[in-house]
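Enquirer: Just dropping this structure here.
The values are calculated or read from the model by the stated rules, or taken from the named source; none is laboratory data. As the structure is a prediction and not an experimental result, all values here were calculated from the model. Note that we place each Cβ from the backbone using ideal geometry, even for glycine, and neighbour counts take in every protein chain shown.
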Amino acid sequence: MDYTNKLQNVTVLGAAGKMGSGILLLTAVEMADLSLKPENKGKAFVLNAMDVSKEGLHGLMLYLRAQVQKIAEKKTVALRKIYADRADLVENEEIINQYIFDVMNIVRPTTRLESAYDSTLVFEAVSENRALKVKILNQIDQNNPEKPWFFTNTSSVPIHLIDEEAGLGGRILGFHFYNPPAVQKLVELIVTSQTDAEMTEFAKVYAKNLGKIVVPANDFAGFIGNGHFMRDALHGIQTAQKLTKELTFVEAVYAVNRITQDFLIRPMGIFQLIDYVGIDVVSFIMGVMNPFLPDEDLHSSLLDKMLELGVKGGQYSDGSQKDGFLKYEKGKPVAIYDPQAKAYVPVSSMKEKIDKYLGEAPSSLIPWKAAVKVKDKDATFGKIFADMKMMNSNGAKLAVEYGQRSDAIGKKLVADNVAFNENDVNTVLLTGFFHAYGPVNGYF
């Protein structure tokens, strides 16, 4: 394997999308850094940014330039050494502008799939649609004499199915970045028994060069991240639906969202996380996974209802949050959607009542921002949840039940041979979802 040669002609499919833009940025910087090494002088590096949206590509190039400038500003000292032989580059601004030019000069925005016909490496970040992925990758492979390697960013579709149906002969692996790729440190690496071993080694080197933490997962629908999140989300939805026997729907959603954020010490509540990912995306991924789960029904009629009403969540192109189960102002939840009334109900109208219903949290409880900095996690979280188990409040009981379910989901991923071990499950939730502690922990 020649690492540099493989990165001389690369294509990112779906480059203007939420995931594709981050993958493109990371790859553009890595390729530019390679091109600036003395031993690579004279070599051509091409990165095709392929997307069907011309408007999206225009926005992508603006995003790319802005992000590269930030990167250049952070590593000006290193760049000064790289451009040491350039007598015309004296001021920091000149060096920064040159680096921006060198990165942007590699990228070729295009709406034509044919651009990938010369690539030796193709990143696929199109929609989570198996048939579409298979069609596109097969077309490229049939017309590309280079026998390219394919890295798919799928978060749920089994890799071996894409491989078999597209006829790629083992030249594909799952390289699942987490959102946003430029920030998130985690990558799930999924290979099959047919995956080219040389390609796997390349993937590990590439990930290391990007500063990513690689967690291997077996080739099962949903892998580790969605394997846990989809079941965790479904449990949250079902818990809220059970609570409607004594609370209104909006009160139940508020209660479960607060339990999962405050009592379980997470960065956001489960309904806020569903909104962040997108109600439509969560529903779709559940649909992708469900046929592979004969002993489970990973489906929610509530998600169906929300989508029928046009409530989807997700994010705008600038990263701000769209309204979903919750309505947001300046990124903070201020209201909850009532499907019957087809309107948002202010949190202020229910907060006092439901906070009283949930009751007090343990005095040992700490907020998430403090929890992620804790050094002795076992001692800290062990005490918090031991205290919680001793309490009889509704909030404590619901949180303990939720924590037990989260733990069970993690253990089942190992038992079902989706994850290689419990530590890998914990790493995915700690790194990819920013949890303060892993789901498999013994606290509950």
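Enquirer: Which of the residues spanning the range 416-440 are closer than 17 Å to residue 215 by Cβ and in a loop (DSSP other than H, G, I, E, B)?
Expert: 416, 417, 418, 420, 421, 433, 434, 435, 437, 438, 439, 440
Enquirer: From the list 154, 244, 248, which residue is surrounded by 22 or more Cβ atoms within 10 Å (Cβ to Cβ), hydroxyl-bearing (Ser, Thr, Tyr) and closer than 30 Å to residue 269 by Cα?
Expert: The match here is 154.
Enquirer: Looking at residue 330, is it of a type in the set (D, E, K, R) and modelled with pLDDT of 95 or more? Don't jump to the end; show me each part of the working.
Expert: Values: of a type in the set (D, E, K, R): yes; modelled with pLDDT of 95 or more: no.
Criteria not met by residue 330.
Enquirer: Still on this structure, I have one more. Which of the numbered conditions does residue 92 fail, given that it passes all the others? Conditions: (1) under 27 Å from residue 59 (Cα atoms); (2) free of Cβ contacts under 8 Å to residues at least 60 places away in the same chain; (3) loosely packed, with under 14 Cβ neighbours inside 10 Å; (4) not acidic (Asp, Glu).
Expert: (3)
Enquirer: Got a number for residues in the range 274-288 being of a type in the set (A, V, I, L, M) and in contact with a Lys or Arg (Cβ under 8 Å, 6 or more places away or on another chain)?
Expert: Residues meeting the conditions: 2.
Enquirer: Take the residues in the range 331-378 that are among the small types (Gly, Ala, Ser) and at positive phi, then tell me which one is surrounded by the most Cβ atoms within 10 Å (Cβ to Cβ).
Expert: Filtering the range 331-378 for residues that are among the small types (Gly, Ala, Ser) and at positive phi, the one surrounded by the most Cβ atoms within 10 Å (Cβ to Cβ) comes out as 359.
Enquirer: Then there is this: Of all residues being surrounded by fewer than 21 Cβ atoms within 10 Å (Cβ to Cβ) and in contact (Cβ under 8 Å) with a residue 24 or more places away in the chain in the range 259-276, which is farthest from residue 398 (Cα to Cα)? Just the residue, please.
Expert: 276
Enquirer: A further question follows. Could you check how many residues of the range 240-266 are hydrophobic (A, V, I, L, M, F, W, C), farther than 21 Å from residue 391 by Cα and in a loop (DSSP other than H, G, I, E, B)?
Expert: 1
Enquirer: Continuing with the same structure: Checking the condition more than 15 Å from residue 227 (Cα to Cα) and at pLDDT 95 or above, which residue from 356, 375, 411 passes?
Expert: 356
Enquirer: From the list 292, 284, pick out the single residue that is in contact with an Asp or Glu (Cβ under 7 Å, 6 or more places away or on another chain) and either under 12 Å from residue 323 (Cα atoms) or of a type outside the set (A, V, I, L, M) (or both).
Expert: 284
Enquirer: Only one of (1) within 30 Å of residue 170 (Cβ to Cβ); (2) surrounded by fewer than 14 Cβ atoms within 10 Å (Cβ to Cβ) fails for residue 86. Which number is that?
Expert: Here residue 86 clears every test but (1).
Enquirer: So, one more: Given the conditions (1) over 26 Å from residue 4 (Cβ atoms); (2) out of contact with any Phe, Trp or Tyr (no Cβ under 8 Å at 6 or more places or on another chain); (3) of a type outside the set (A, V, I, L, M, F, W, C), which single one is not true for residue 119?
Expert: Every listed condition holds for residue 119 apart from (1).
Enquirer: For residue 265, indicate whether it is on the phi > 0 side of the Ramachandran plot and either out of contact with any strand residue (DSSP E or B) (no Cβ under 7 Å at 6 or more places or on another chain) or not β-branched (Val, Ile, Thr) (or both).
Expert: yes
Enquirer: Which residues, counting only those in the range 397-421, are over 21 Å from residue 289 (Cβ atoms) and surrounded by fewer than 18 Cβ atoms within 10 Å (Cβ to Cβ)?
Expert: 397, 401, 404, 421
Enquirer: If you don't mind, there's one more thing I want to ask. Could you tell me which of the residues 34, 62, 13, 57 is crowded, with 22+ Cβ neighbours inside 10 Å and at pLDDT 95 or above? Talk me through it step by step, then tell me what you get.
Expert: Numbers: 34 fails: crowded, with 22+ Cβ neighbours inside 10 Å; 62 fails: crowded, with 22+ Cβ neighbours inside 10 Å; 57 fails: crowded, with 22+ Cβ neighbours inside 10 Å.
The conditions single out 13.
Enquirer: Of the conditions (1) under 17 Å from residue 233 (Cβ atoms); (2) assigned by TED's automatic domain parsing to the domain that holds residue 237; (3) free of Cβ contacts under 8 Å to residues at least 24 places away in the same chain; (4) not aromatic (Phe, Trp, Tyr), residue 304 fails just one. Which one is it?
Expert: Evaluating residue 304 over (1) under 17 Å from residue 233 (Cβ atoms); (2) assigned by TED's automatic domain parsing to the domain that holds residue 237; (3) free of Cβ contacts under 8 Å to residues at least 24 places away in the same chain; (4) not aromatic (Phe, Trp, Tyr) leaves (2) as the failure.
To keep it simple, each residue is scored yes or no on (1) farther than 21 Å from residue 241 by Cβ; (2) assigned to a loop (DSSP other than H, G, I, E, B); (3) among the β-branched types (Val, Ile, Thr).
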| site | (1), (2), (3) |
| --- | --- |
| 268 | no, yes, no |
| 271 | no, no, no |
| 287 | no, no, no |
| 290 | no, no, no |
| 312 | no, yes, no |
| 318 | yes, yes, no |
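For (1) touching a helix residue (DSSP H, G or I) at 6+ places or on another chain (Cβ under 7 Å); (2) assigned to a loop (DSSP other than H, G, I, E, B); (3) under 21 Å from residue 31 (Cβ atoms), each residue gets a yes or a no:
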| position | (1), (2), (3) |
| --- | --- |
| 165 | yes, no, no |
| 188 | yes, no, no |
| 192 | yes, yes, no |
| 200 | no, no, yes |
| 219 | yes, yes, no |
| 230 | yes, no, no |
| 238 | no, no, no |
